[in-house]
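Scroll down for the structure; my scribbles are underneath it.
The values are calculated or read from the model by the stated rules, or taken from the named source; none is laboratory data. Owing to the predicted nature of the structure, the values given are computational and were not obtained by experimental measurement. Cβ coordinates were reconstructed from backbone atoms using ideal geometry, including for glycine residues, and neighbour counts include every protein chain displayed. Note: areas computed on protein heavy atoms with side chains; ligands, DNA, RNA excluded. Shrake-Rupley method; radii C 1.70, N 1.55, O 1.52, S 1.80 Å.
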Amino acid sequence: MPLVGTSSSGQFSCATSAHHTLRELRTKRKGQPVFVLGHLLQRKGQEATFEVFNDRIALVKFSDGAVVGYDPIELLLPTEIDDKGVAYFEIRPCAQCEILFSLTAEERDAEVEPTHCPECRG
């Protein structure tokens, strides 16, 4: 059984109404861009790429070569990935619980952006 699956489209995933974090993706692809919320303050708020799972921990690689393990719920998906493969993150704090969440492309382009995270909306 492979440690890392590839999506059927071969493309990296962006935030959708049902998928905002790496944990919520059924298939995780090596190289998937993510935004780190996690436990290490010096890495919080940085972008990284998913590498592989190791004992239910997602290992992510930062641009300086450092590899750190995170709970996949601490890794937000990008709002959009352009045609050159550059990931863009539109991250907002929830007005109710203050947790950071990523907007979907549709939410970003809407007349009024959501002010609550998906959990508080539901």
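Taking the Cα centre as origin and putting +1 on Lys and Arg beta-carbons and -1 on Asp and Glu beta-carbons, what dipole magnitude results for the chain, to the nearest 20 debye? Spell out each step's value before the answer.
Details: 13 positive and 18 negative charges, 110 e Å.
Using Cβ point charges on Lys, Arg, Asp and Glu, the chain gives about 520 debye.
In deg cm²/dmol and to the nearest 500, what is the mean residue ellipticity at 222 nm of the chain if only DSSP H runs of at least 4 residues count, each as -39500 (n - 2.57), divided by the residue total?
Working: 2 runs with 9 residues, N = 122.
After summing the helix terms and dividing by residue count, I get -1000 deg cm²/dmol.
Let me spell out the model: positive unit charges on the Cβ of Lys and Arg, negative unit charges on the Cβ of Asp and Glu, origin at the Cα centre of the range 44-95. What dipole size does that give, in debye rounded to 20?
For this selection, approximately 120 debye.
For the chain, with all protein chains present and a 1.4 Å probe, just round the carbon and sulfur fraction of the accessible area to a whole percent.
Percent of accessible area from carbon and sulfur atoms in the chain: 51.
Counting only C-alpha contacts under 8 Å and six or more residues apart, can you give the relative contact order of the chain as a whole percent?
23
Kirkwood hydrodynamic radius of the range 21-70 from all distinct Cα pairs, in Å? Walk me through the numbers before you get to the answer.
Values: mean 1/r = 0.0916 Å⁻¹.
Taking the inverse mean of 1/r over all distinct Cα pairs, the range 21-70 comes out at 10.9 Å.
Considering only protein heavy atoms, with the full assembly of protein chains and a 1.4 angstrom probe, order Val52, Val34 by accessible area, largest first.
Val52, Val34
Can you list the residues of the range 79-109 with backbone N under 20 Å from a point 7 Å past the Cα of Cys120, pointing along Cα to Cβ?
79, 90-109, by backbone N distance to the label point.
Report, by chain and number, residues whose modeled amide H sits under 5 Å from the one on Thr21, excluding near sequence neighbours (fewer than 5 apart, same chain).
The list, which skips near neighbours in sequence, is Leu77.
With the Cα gyration tensor of the chain in hand, give its eigenvalues times 5 under a square root as the equivalent ellipsoid semi-axes, listed largest first in whole angstrom. Don't jump to the answer; show the numbers that get you there.
Details: eigenvalues 102, 56, 37 Å².
After diagonalising the Cα gyration tensor, the semi-axes are 23, 17, 14 Å.
Tabulate in residue order the Karplus-calculated ³J(HN,Hα) for the range 50-62, using 6.51 cos²θ - 1.76 cosθ + 1.60 with θ = phi - 60°, rounded to whole Hz; enter x for Gly and Pro.
3J(HN,Hα) across the range 50-62, in whole Hz: 5, 10, 6, 8, 9, 6, 6, 10, 8, 8, 10, 10, 9.
Any chance you could get the radius of gyration and Dmax over the Cα atoms of the range 77-122, in Å?
When restricted to Cα atoms, the range 77-122 yields Rg and Dmax of 11.3, 36 Å.
For the range 5-89, what is the accessible area per residue in Å² when the probe is 1.4 Å? Intermediate results must be reported in sequence, preceding the final value.
Details: 4770 Å² over 85 residues.
Here the per-residue accessible area is 56 Å².
How much length would be gained if the chain were fully extended between Tyr88 and Gln42, taking 0.36 nm per residue of separation minus their Cα-Cα distance, in nm to one decimal?
14.5 nm
Report the paramagnetic label zone for Glu113: residues of the range 82-102 whose backbone N is under 15 Å from a point 7 Å from Cα along the Cα-to-Cβ axis.
Answer for the range 82-102: 88-96, 98-102.
Can you work out ³J(HN,Hα) from phi for every residue in the range 91-103, in order, using Karplus 6.51 cos²θ - 1.76 cosθ + 1.60 and θ = phi - 60°, giving whole Hz and x for Gly and Pro?
These are the phi-based 3J(HN,Hα) values: 10, 10, x, 5, 5, 9, 9, 6, 6, 6, 9, 9, 7 Hz.
Give, as ranges by residue number, the residues of the range 19-41 whose backbone N falls under 17 Å from the point 7 Å along Cα→Cβ of Ile99.
Counting only backbone N, you get 19-25, 35-40.
Could you put Leu77, Leu41 in order of accessible surface area, largest first, with the 1.4 Å probe and the full protein assembly present?
Values: Leu77 0, Leu41 140 Å².
Final ranking, largest accessible area leading: Leu41, Leu77.
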